[in-house]
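Inspection log for the structure reproduced underneath, given as structure tokens.
The values are calculated or read from the model by the stated rules, or taken from the named source; none is laboratory data. Note that the coordinates shown come from a computational prediction; the quantities given were computed from them, not determined experimentally. Cβ sites come from the backbone with ideal geometry, for glycine too, and all protein chains shown count toward neighbours. Quick note on the areas: whole protein, heavy atoms, side chains included, nothing else; ligands and nucleic acids left out. Shrake-Rupley method; radii C 1.70, N 1.55, O 1.52, S 1.80 Å.
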Amino acid sequence: MNAAVRAVVRMGIYVGAKVYFIYEGYQGMVDGGSNIVEAKWESVSSILQVGGTIIGSARCKAFHTREGRLQAAGNLVQWGITNLCVIGGDGSLTGANIFRKEWSELLEELAKNGKISEEAVTNYSYLNVVGMVGSIDNDFCGTDMTIGTDSALHRIMEVIDAIMTTAQSHQRTFVLEVMGRHCGYLALVSALACGADWVFLPESPPEEGWEENMCVKLSENRARKKRLNIIIVAEGAIDTQNQPISSEKIKDLVVKQLGFDTRVTILGHVQRGGTPSAFDRILASRMGVEAVVALLEATPETPACVVSLSGNQAVRLPLVECVQMTQDVQKAMDERRFKDAVRLRGRSFEGNLNIYKRLAIKLPDDQITKSNCNVAVINVGAPAAGMNAAVRSAVRVGIADGHKMLAIYDGFDGFAKGQIKEIGWSDVGGWTGQGGSILGTKR
């Protein structure tokens, strides 16, 4: 969030505008006074690497009321502010849009009550609003990634990597609960990144009889000499009847059915903390610049927009449409239209879910149609983080498609010496989190 604040301040000053901090979110806008302060170029020095937000954030009941919004409008007029850049979740952005729609009525009421002059009503006749989505859950439709999601994933992966070492030593099963009351993005992507045995998401509940299926999979993995099992649960995980699936319930099931030593870890607010990742710093900086440009180009007729990420481009989308789509996902889940919920989450979410299923669940050999095709995987050149995850993915997709998969060790050198072996599904288990190249690579 701080990278976004910095970008808005500096871009605003660069184009000759006056920029103001509003401290403590909408509460600060309602309270006014010392909560609204002009920002200088130096005000945002050395904040790129700081987690959280230097201007504070707060839930505000007063802003839900017309009286509260009336006070907020009076405070903004006092400072001559008619452009608002809001960094928050869908609730914050919806509130900003309501405020924008009511703006002219609020000003007329303030003038009638003698709080502002008729001249002020004319001079500040309309309010422009641009939103940026700050949400670690990546739960806002219309954008591929929200500010803070990547950093939260880094926190989750650090914990998973630490847990995996202890789980392997003790032959334990770990149930990890991550944030995501209404959105399973963090659970899904972290499961994909660590090769978790099972994942529970609000948008895609497990099929009937999942208890038996999960226990069979865990015991099969143990039989293949896999020393640990990782199950990831979004805090809002549900079954097909919309009943919650808690991490404790999963633990009790594994202990009762399989007798495995099982522990629960709830990550909680650890996921919100820490320094932002490079991706988040760059994403927020680009979005902040685009937000200021959008405000400068806005007219009284321009609808409130949200700056989103599409592919690798910062784009503007109508705020109302994005909020509506986000609410449609929840509606689809409430009505148990789970396929629609996944589709509404977007191509990225749907694609990740399909990839996870392909890489995590192996069909029995007698159900895989053999292709009579041999495919070899080789690493060449200098090692790079992620090579092992790529090999695991290639091997498992190849096996799922019926190919015979072979591994070539030590690059072209090993190829020349005939260092080629068949590689199976379980041979690449646990490879996603390993650095370097397990196959070996050389120039």
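Descriptive notes on the structure:
- Among the residues of segment 207-235, those that are in contact with a strand residue (DSSP E or B) (Cβ under 8 Å, 6 or more places away or on another chain) and open to solvent by less than 80 Å² (accessible area, probe 1.4 Å) comprise MET214, LYS217, LEU218, ASN221, ARG222, LEU228, ASN229, ILE230, ILE231, ILE232, VAL233, ALA234.
- Checked against (1) at pLDDT 95 or above; (2) of a type in the set (Ser, Thr, Tyr); (3) open to solvent by 50 Å² or more (accessible area, probe 1.4 Å), THR369 passes all but a single condition, namely (1).
For every residue, the table says whether it meets (1) open to solvent by 70 Å² or more (accessible area, probe 1.4 Å); (2) free of Cβ contacts under 8 Å to residues at least 40 places away in the same chain; (3) assigned by the TED database to the domain that holds GLY56; (4) acidic (Asp, Glu).
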{"residue": "ASP280", "(1), (2), (3), (4)": "no, no, yes, yes"}
{"residue": "ALA284", "(1), (2), (3), (4)": "no, no, yes, no"}
{"residue": "GLU301", "(1), (2), (3), (4)": "yes, yes, yes, yes"}
{"residue": "VAL306", "(1), (2), (3), (4)": "no, no, yes, no"}
{"residue": "GLY311", "(1), (2), (3), (4)": "no, no, yes, no"}
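- Check on GLU203, open to solvent by 30 Å² or more (accessible area, probe 1.4 Å) and either within 22 Å of ARG272 (Cβ to Cβ) or among the charged types (D, E, K, R) (or both): no
- Here segment 399-442 is the region considered, the condition is being in contact with a Gly (Cβ under 6 Å, 6 or more places away or on another chain) and assigned to a loop (DSSP other than H, G, I, E, B), and the residue that is most open to solvent (accessible area, probe 1.4 Å) is LYS442.
- Close pairs (6 angstrom Cβ cut-off, 6 or more residues apart or separate chains): over 22 Å from VAL30 (Cβ atoms) in segment 41-60, open to solvent by 60 Å² or more (accessible area, probe 1.4 Å) and assigned to a loop (DSSP other than H, G, I, E, B) anywhere: ILE47/ILE54; GLN49/THR275; GLY51/THR275
- Scoring MET1 on the criteria (1) loosely packed, with under 14 Cβ neighbours inside 10 Å; (2) closer than 30 Å to HIS182 by Cβ; (3) in contact with a strand residue (DSSP E or B) (Cβ under 6 Å, 6 or more places away or on another chain) leaves a single failure, condition (1).
- Residues that are of a type in the set (Gly, Ala, Ser), under 20 Å from LEU176 (Cβ atoms) and open to solvent by 50 Å² or more (accessible area, probe 1.4 Å), drawn from segment 241-273: SER246
- Taking first residues from segment 86-97 that are at pLDDT 90 or above and partners that are open to solvent by 20 Å² or more (accessible area, probe 1.4 Å), the Cβ contacts under 6 Å between residues at least 6 apart in sequence or on separate chains come to VAL86/SER92; ILE87/MET1.
- Enumeration of residues in segment 35-63 that are over 29 Å from ARG281 (Cβ atoms) and surrounded by fewer than 14 Cβ atoms within 10 Å (Cβ to Cβ): LYS61
- Check on SER169, hydroxyl-bearing (Ser, Thr, Tyr) and open to solvent by 20 Å² or more (accessible area, probe 1.4 Å): yes
- The number of residues in segment 64-83 being assigned to a loop (DSSP other than H, G, I, E, B) and more than 30 Å from ASP280 (Cα to Cα) comes to 2.
- Residue in segment 52-63 that is farther than 28 Å from SER151 by Cα and of a type in the set (D, E, K, R) present: yes
- Residue that is farthest from ASP239 (Cα to Cα), among those in segment 172-200 that are open to solvent by 10 Å² or more (accessible area, probe 1.4 Å) and of a type in the set (A, V, I, L, M, F, W, C): ALA193
- Flag set for GLY95, criterion: over 30 Å from SER190 (Cα atoms) and open to solvent by 10 Å² or more (accessible area, probe 1.4 Å).
- Among the residues of segment 192-211, those that are outside any loop (DSSP other than H, G, I, E, B) and touching a residue at least 40 places away in the same chain (Cβ under 8 Å) comprise LEU192, ALA193, CYS194, TRP198, VAL199, PHE200, GLU211.
- Scanning segment 86-129 for residues that are of a type in the set (Lys, Arg) and outside any helix (DSSP H, G or I) gives a single hit, LYS115.
Residue-by-condition table, conditions (1) open to solvent by 50 Å² or more (accessible area, probe 1.4 Å); (2) assigned to a strand (DSSP E or B); (3) in contact (Cβ under 8 Å) with a residue 60 or more places away in the chain; (4) more than 20 Å from LEU192 (Cβ to Cβ):
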site: LEU296; (1), (2), (3), (4): yes, no, yes, yes
site: GLU321; (1), (2), (3), (4): yes, no, yes, yes
site: GLN324; (1), (2), (3), (4): yes, no, no, yes
site: ASP340; (1), (2), (3), (4): no, no, no, yes
site: ASN352; (1), (2), (3), (4): no, no, yes, no
site: LEU363; (1), (2), (3), (4): yes, no, no, no
site: GLY381; (1), (2), (3), (4): no, no, yes, yes
site: ASN388; (1), (2), (3), (4): no, no, no, no
site: VAL397; (1), (2), (3), (4): no, no, no, no
